[in-house]
Amino acid sequence: MQYLNRFPQMLQIYLMRRVREIERQSLAAWRKMRTKQDAIAYQEALRKKFRKIFGPWPPKTPLNPRITGTFEREHYRVEKVLFESRPNFPVTALLYIPKGRKFPVPGVLAPCGHTAEGKAGPAYQAFCQGLATKGYVVLMYDPIGQGERLQYPDGKGGSVVGVGCSEHNFMAKQQLLVGEFFSSWRVWDGIRALDYLLSREEVDPRHVGVTGNSGGGTLTTLLVANDQRFTMAAPGCYVTTWRRNAENELPADAEQQPPLALALGLDIADFFGLHAPKPLILLSQELDYFDQRGTVEAFERLKRLYTLLGAPQNVQMFTGPGHHGYAQPLREAMYRFFNKACGKTREGGKEPPLNIEPPEVLNVTESGQVAELKPRTVFSFTKAKAEALAARRKPLSADQLVRAVKRTLNLPARKGTPEFRILRNLGKREGYPRPYATCYVVETEADIQAIVYKLEDEARYSRPAPGKSATLYLPHMSADEDLQSEPLAAELAAEAEAFFAVDLRGVGESQPNTCGPGDYFSLYGADYFYTSYQIMLGEPYVGRRTHDVLAVLDWLESFGYSRVHLAARGFGSLPAVFAALLDERIKQVTLKNAPLAFTEWAETEYMQWPVSSCLPRVLEKFDLPDCYRFLQGKKLRLIEPWDAEMRPLPAERAKAVARRWDIPARVVGR
């Protein structure tokens, strides 16, 4: 059955407005830079912003490098390298060393793009071979979740959750809970890879470049923002603007959405701010899905910065004619640029003949997966940190808990009673607990509306009748759907003096139809897309949905409803918990299919709740059981709670889990 979905573009309209506003402010700041001192002050400000996004870094522990094998080709030798970016967290890499050269020679770090085979990808082999033949030492390493570094190996050479981007986005959502961010993990791997490259006596530290394409272009961008040892950079098929990505409904990988970046007024060009005025070339493709308009806009910004710093010749842009990929024209542009930056005037830009190796020839480990070494996984770090945070957290008073929740949700200000519209009556609704529903569009913030249904015994076309007590129901995915099929909704509607159900942003009536066809919760589906931007805005999706609930309560109170029974199911349970904690008008709370603890999500390897439900840094401050204990005084009931894999917990198991988290047994069940 098709359920009501009359506002599917709402979140897209909201996002475009927000990102455009931030871009306008950012451009205004760039235009104010008129002198070299202005540019230097801008760079100092960037350092502080990058520390907020990426820091603090872990300690640098021993790399414990070892060579597991070598092979020779006519113009270079390849060493198979294994090192640890963190203790027992191995990185597989290939070191290309030129033959017939007087060492030391320039070095290049080569982060991979999003290919399943990682460092064995043909385009990535190609530029490593090309650079080595031209006299560079090149280190290319497998990203987390690609090549030989699968985090969820299925034992058959694949991944349980999907290779590459699937693994990235899967592990990243759990990291949010404990205050870790996948972009920082990817950058740290690159920093430690650079440490290894510079440890080699063959490498001249005065000339150290970094280049990669797509995901490797992303890492090139993020690395030069965080490590000043690079002397030249060539990011490929990534640099554009976040406005263009947002407008074009282009989702990106987890590391491509740095937390707080938009909140701090940054755009992609800003990540090169600390690299300036060192040599930089932006590589792009005319037919790429990364919008060329944004690439040109980023280049124009950087040209202005480089000019103020006295080196306009050091920033260039090259656009190839093809589709997304590190094609030969881009590689040759990079060779020419690096050669000039290193003073290698005798080396030409033409790519030499290539010898693309089968992936098995490039394996650093015997099996082709680091899993054979019994290493730690990203999940193991997440789980350990969740356990440590749980042991460290101290009991909170009611006031302390409220303050912690407000800070974590980062709620916007509310401005009195919200405006609302009354939609045309739909007539009788089949299966509803009462035959009619009047629909109200409540404006919770600019461009955002909560769609409220008030059940009626006869058709109504006007504002709600006044009252004192009401039940407000938050559905799992759609109020229209739950009103037709959910027993809890029917039960509560039968008992209520006045019954309202509401679709918060992004579900039901405003579930987006953007980001292409397919599952709303798929790898790059709308749930992921809009949540990613909320993380960059520093405005958690759960927090914004909680704001919607509070605004609807303001609206209800304008009709006299000051005593509210708040009920919710599934995804609606989290904003319900926080709204109930923060608002005295809520006198009773009923939650069905709610999670029992965020810590359980962080401790479960295959946690299935969507990223929109994951609250960044929550476990640094509190957990859901803290809220549940507080809500005992509001007649809290937890009915048929769901576990971390979104499966119903049998009654006895639910009681046992509740005991572990010190949730009063009397609130679990009917």
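The values are calculated or read from the model by the stated rules, or taken from the named source; none is laboratory data. All of these numbers come straight from a predicted model, not from anything done at the bench. Positions of Cβ are generated from backbone atoms using ideal geometry, with glycine treated the same way; all protein chains shown enter the neighbour counts.
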Among (1) under 30 Å from Gly343 (Cα atoms); (2) buried (at least 24 other Cβ atoms within 10 Å of the Cβ); (3) among the charged types (D, E, K, R), Arg149 falls short only on (1)
Selection over the range 635-669 where residues are surrounded by 14 or more Cβ atoms within 10 Å (Cβ to Cβ) and not hydrophobic (A, V, I, L, M, F, W, C) yields a count of 7
*asked:* It is to be established whether one or more residues within the range 367-374 are part of a loop (DSSP other than H, G, I, E, B), within 23 Å of Tyr124 (Cβ to Cβ), among the polar types (S, T, N, Q) and under 29 Å from the mean Cα position of the chain (by Cα).
replied: yes
Inside the range 300-327, the number of residues satisfying the requirement of being more than 18 Å from His114 (Cα to Cα) and in contact (Cβ under 8 Å) with a residue 60 or more places away in the chain is 6
Val91 meets each of (1) crowded, with 21+ Cβ neighbours inside 10 Å; (2) in contact with a Pro (Cβ under 6 Å, 6 or more places away or on another chain) with one exception, condition (2)
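If you take the residues of the range 430-443 that are charged (D, E, K, R) and surrounded by fewer than 18 Cβ atoms within 10 Å (Cβ to Cβ), which of them is farthest from Glu481 (Cα to Cα)?
Here is the first cut: in the range 430-443, the residues charged (D, E, K, R) are 430, 434, 443.
The next check asks that each one be surrounded by fewer than 18 Cβ atoms within 10 Å (Cβ to Cβ); those that pass are 430, 443.
Numbers: Glu430: 11, Glu443: 22 Å.
In this case the residue turns out to be Glu443.
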Counting only residues in the range 120-136 that are over 19 Å from His207 (Cβ atoms) and among the aliphatic types (A, V, I, L, M), the one surrounded by the fewest Cβ atoms within 10 Å (Cβ to Cβ) is identified as Ala126
Residue pairs within 6 Å by beta carbon, gap of at least six or interchain, first lying in the range 342-354 and closer than 16 Å to Gly209 by Cβ, second assigned to a helix (DSSP H, G or I), listed first then second, are Glu347/Asn339; Gly349/Glu332; Gly349/Tyr335; Gly349/Arg336
Considering only helices (runs of 4 or more DSSP H) wholly within the range 444-542, the ones with at least 2 residues that are at positive phi, crowded, with 22+ Cβ neighbours inside 10 Å and touching a residue at least 40 places away in the same chain (Cβ under 8 Å) are none
Kindly indicate whether Tyr326 is within 21 Å of Phe271 (Cβ to Cβ), in a loop (DSSP other than H, G, I, E, B) and either touching a strand residue (DSSP E or B) at 6+ places or on another chain (Cβ under 8 Å) or not small (Gly, Ala, Ser) (or both).
yes
Picking from Leu282, Leu260, the residue that is more than 22 Å from Phe182 (Cβ to Cβ) and either touching a helix residue (DSSP H, G or I) at 6+ places or on another chain (Cβ under 7 Å) or touching a residue at least 60 places away in the same chain (Cβ under 8 Å) (or both) would be Leu282
Taking the range 103-133 and keeping only residues that are modelled with pLDDT of 95 or more and polar (S, T, N, Q), one is left with Gln125, Gln129, Thr133
Note on the range 454-503: residues touching a Pro at 6+ places or on another chain (Cβ under 9 Å) and over 24 Å from Arg421 (Cβ atoms) are Glu486, Ala490, Glu491, Leu492, Ala494
Residue count, the range 330-360, condition crowded, with 16+ Cβ neighbours inside 10 Å and not in a loop (DSSP other than H, G, I, E, B), comes to 14
